[in-house]
Structures are given as structure tokens and as C-alpha cells.
1. Looking only at the stretch 333-342, decide whether some residue is within 21 Å of the chain's Cα centre (by Cα), in a loop (DSSP other than H, G, I, E, B) and buried (at least 22 other Cβ atoms within 10 Å of the Cβ).
2. Kindly establish whether Lys234 is out of contact with any helix residue (DSSP H, G or I) (no Cβ under 8 Å at 6 or more places or on another chain), among the charged types (D, E, K, R) and modelled with pLDDT of 95 or more.
3. Does Val170 satisfy the criteria of being over 25 Å from Ser348 (Cα atoms), within 16 Å of the ligand (Cβ to nearest atom) and either at pLDDT 95 or above or of a type in the set (Ser, Thr, Tyr) (or both)?
4. Take the residues in the stretch 27-37 that are away from the ligand (no atom under 11 Å from the Cβ) and surrounded by 24 or more Cβ atoms within 10 Å (Cβ to Cβ); name whichever of them is farthest from Asp315 (Cα to Cα).
5. Can you find, within the stretch 114-138, the residue that is farthest from the ligand (Cβ to nearest atom) among those that are in a strand (DSSP E or B) and not polar (S, T, N, Q)?
6. Only one of Thr298, Thr281 is in contact (Cβ under 8 Å) with a residue 40 or more places away in the chain and among the polar types (S, T, N, Q). Can you tell me which?
7. Just one of (1) in contact with a strand residue (DSSP E or B) (Cβ under 8 Å, 6 or more places away or on another chain); (2) small (Gly, Ala, Ser); (3) under 23 Å from Ser64 (Cβ atoms) trips up Ser135, so point out which.
8. Return a yes/no flag: does the stretch 179-190 have any residue that is more than 14 Å from the ligand (Cβ to nearest atom), part of a strand (DSSP E or B) and hydrophobic (A, V, I, L, M, F, W, C).
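The values are calculated or read from the model by the stated rules, or taken from the named source; none is laboratory data. In this text, all values refer to a predicted model and were calculated from it rather than measured experimentally. Backbone-built Cβ (ideal geometry, glycine too); neighbour counts: all protein chains shown.
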Amino acid sequence: MSESIAGEAAAKAVGERFRELYGAEPQGVWAAPGRVNLIGEHTDYNDGFVMPFALPHTAVAAVSRRDDGVLRLHSADVAAPVVEVAVDSLAPGTDKNWTAYPAGVVWALREAGHAVTGADIHLASTVPAGAGLSSSAALEVVVALALDDLYALGLRGWQLARLCQRAENVYVGAPVGIMDQTASACCESGHALFLDTRDLSQRQIPFDLAAEGMRLLVVDTRVKHSHSEGEYGKRRADCEKGAALLGVDALRDIPYAGLDAALERLGEEEEVRRLVRHVVTEDERVDRVVALLESGDTRAIGPVLTAGHASLRDDFRVSCPELDLAVDTAVAAGALGARMTGGGFGGSAIVLAEATDVDALTKAVENAFATAGFKTPRVFEAVPSAGARRVR
Ligand code: GAF
């Protein structure tokens, strides 16, 4: 599976298309993955903890540098001709198309003082768009890594992630946290990434479900979501309000043991209280999942994942009927645990299952969606895969 969606064939195809478009060999080909998040949702913009792993699905970019100030962009996934812009004309908020992601990275690099003087770029991605699986971060990170190599910038994965987040926050205008870009840049095959989003310190946690007879399924509900829409930003602003009311820099600073006292102090602020409760309990769930995985008790993470979903549904209120149905059906049909993953309001759920239950669970979810009159979900297995890398 991973060969067809991230391997040599994809690298060859983007290289050939690059030659057709730009009349020369690309100087290289790079790949950056999408992700699922195992646990730690809506904690990253609260300086908290997350635990994503990389999907085998990647954005792949064939790229050459240019020294004449011209940036040319093309995507195999968009029916549009090559877009050409001058790098010194790049300005936040001016581009409402897909090109804002790669152009935003060039803008962020230049704004940080890196003398990026242009590039020819052809992109192709197998990360499902709008499915909560970080297709945008994959696009950003693959371009950042390519330019880092071609301009010999020597930036580390977490530094590229910060630049990509800035591109998305300022240039694209989506107020996302740092998880997705760091996952795409820093994940390792066979591992989940335990990340402290305050200082970006990280630990690779071995996560080989197949070896233990389990699988992790992704259920893409095919309900599209978008972070530029207001609800994500509203949750973020209300979390910041909660931190201010409680006199801390970020909600991460409220210890789990101090949650009841914090909720009491918030008094009548019901909406903020619910958000605070989610963030503080979610950070604690990340801790618990790390401890369980490190002690070899992998099956025991299931109920923690399911509890995370309830918190996102009831307290943070970012789920939707399709995600709830996927989770409830999977758990009722014998999954070890299930939850929505990513920002929510649509997108995907993950299901932790015994390998022997995969077919039955997939059928149960598909049947439940058909009965509810929802679109047929896309269900596939997610194997922890490599982070961003040069492939040619
Ligand atoms: C989206 C954002 F991009 C991330 O930064 C994170 O906040 C996530 O939603 C929720 O955990 O994927």
C-alpha cells in the first residue's frame, strides 16, 4: 500500500510531469506525510501535549531553485495551469487558492531572513483533502524541506514546522496550532510522536500495532472541514480567554489536580468552563496513553481514546453526527477504542481494533452510515510511517 501512495512510483511521476511543465529535470523530489493524531486534540494551541503519527499518504514535490525572483507553482491535483509570481510580491491574505500554502512557505522563509530567490515546483498529494488528515501541513512541509535542501539552510524539522505554521497562520489566515506541521516534519516510521507543543521537545514512542495483533483504522466521514472557518478560531479564542481568567499563560499550566478549583473560579462562564475541562483532561489522557504504551499495555489505551471522543463531543463540541456514529458503531461492534481525530466538524475518526475484527468493524460502520443516509465513508488502515524526507 505505502509503495503506491508514497514510493518510487510517485517520485518518478512528479519528476516526469515537472520535466513536461518546466522543460528540465527537477533538482530533487521530496515527500511529506499527512498524519492522524492518536490523542491530544485541541491541546496544541494551549501549549499542551499531542501524539500524532505519520500516514503513508504524502504530498510529493519535484523542485528546482531559481535565482531570478520567480516562483512557479503547479499541482497535479488542481485543474489549473502553472501559476507564476514574483517572490518579492508575496503578501499575506492576497491568495485564496491552493497556491497560498506553498507561496506562504516561501514568504515565511524570506520573512525569517532566508534568501530564497525563487523556485519551480510541481506537487502531487495522496493525502485526502479536507479529511482532517493534515493535507495542508503536508503541502507546506514538503515545500519547506525542499527549499531548505536546495538553499542549504540547515533548518531542523521543528524549525521548518514553525515556519510552516507561520505561513498558515499569517499568509493563509488559518489560526492552527503547531501539531500538524511538526508531525509531518518529525514523525518516524513505526512510532507515534509525543510532543510538548510549548517547547517542541519530543519523544518517539514505538507504536507497532501489527506486532501485537491490532490495527488502527481511519474512517474518513467525507464531511469536509476547514480551519479558516470560524468555529476553530472561536474555540481557540475562548481557550485564551479561559487562560486569562485563570491568570496563566496557557491552559496547559492548569494541573489536572487543580481542575476542580479552576472550574470553580470560572463561575458562570459555562462555555469557557467546558473548554477548560476538555483541555486539562485531554492533556492528562495524553500522559496516560504515553505511560500505557511505554509499559507495553497497548490495549488499555482504547478506553482512553473513547473518553477523549466524549470530551470533544460534549465539552469541546467539535464533533458531528457522522463522527459520533463512526465512534459509537465501532465501539458497540467491539473496537478497543475510537475517537475523532484532528480539528473536527467533519473529517476522520480513528478506530483501534483487534486485527481479527477489522472486516466486521468496517462493515458495521459502513452499514450504519448507509442506514443513517450518510455518504459512504472511506475506511483504511493507518500504519505509522516516515516523516518528511528527500526521495530523489
Ligand atoms: C487541526 C489543527 F491544524 C491543529 O493545529 C490542531 O489544533 C488540531 O486541529 C486539533 O487538535 O488539525
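1. Of the residues in the stretch 333-342, the ones within 21 Å of the chain's Cα centre (by Cα) are 337-342.
Keeping just the survivors that are in a loop (DSSP other than H, G, I, E, B) gives 342.
Remaining after also requiring buried (at least 22 other Cβ atoms within 10 Å of the Cβ): 342.
For the stretch 333-342, residues within 21 Å of the chain's Cα centre (by Cα), in a loop (DSSP other than H, G, I, E, B) and buried (at least 22 other Cβ atoms within 10 Å of the Cβ): present.
2. Working: out of contact with any helix residue (DSSP H, G or I) (no Cβ under 8 Å at 6 or more places or on another chain): yes; among the charged types (D, E, K, R): yes; modelled with pLDDT of 95 or more: yes.
For Lys234, the condition - out of contact with any helix residue (DSSP H, G or I) (no Cβ under 8 Å at 6 or more places or on another chain), among the charged types (D, E, K, R) and modelled with pLDDT of 95 or more - is met.
3. Numbers: over 25 Å from Ser348 (Cα atoms): yes; within 16 Å of the ligand (Cβ to nearest atom): yes; either at pLDDT 95 or above or of a type in the set (Ser, Thr, Tyr) (or both): yes.
In short, yes.
4. Taking the stretch 27-37 first, the residues away from the ligand (no atom under 11 Å from the Cβ) are 27-33.
The next check asks that each one be surrounded by 24 or more Cβ atoms within 10 Å (Cβ to Cβ); those that pass are 30-33.
Values: Trp30: 40, Ala31: 37, Ala32: 33, Pro33: 30 Å.
Only one residue tops the list, namely Trp30.
5. First, the residues of the stretch 114-138 that are in a strand (DSSP E or B): 119-125.
Now drop any that are not not polar (S, T, N, Q), which leaves 119-124.
On the way: Ala119: 25, Asp120: 28, Ile121: 22, His122: 25, Leu123: 19, Ala124: 22 Å.
Ranking the qualifying residues of the stretch 114-138, first place goes to Asp120.
6. Details: Thr281 fails: in contact (Cβ under 8 Å) with a residue 40 or more places away in the chain.
Among Thr298, Thr281, only Thr298 is in contact (Cβ under 8 Å) with a residue 40 or more places away in the chain and among the polar types (S, T, N, Q).
7. The one condition Ser135 does not meet is (3).
8. No, the stretch 179-190 contains no residue that is more than 14 Å from the ligand (Cβ to nearest atom), part of a strand (DSSP E or B) and hydrophobic (A, V, I, L, M, F, W, C).
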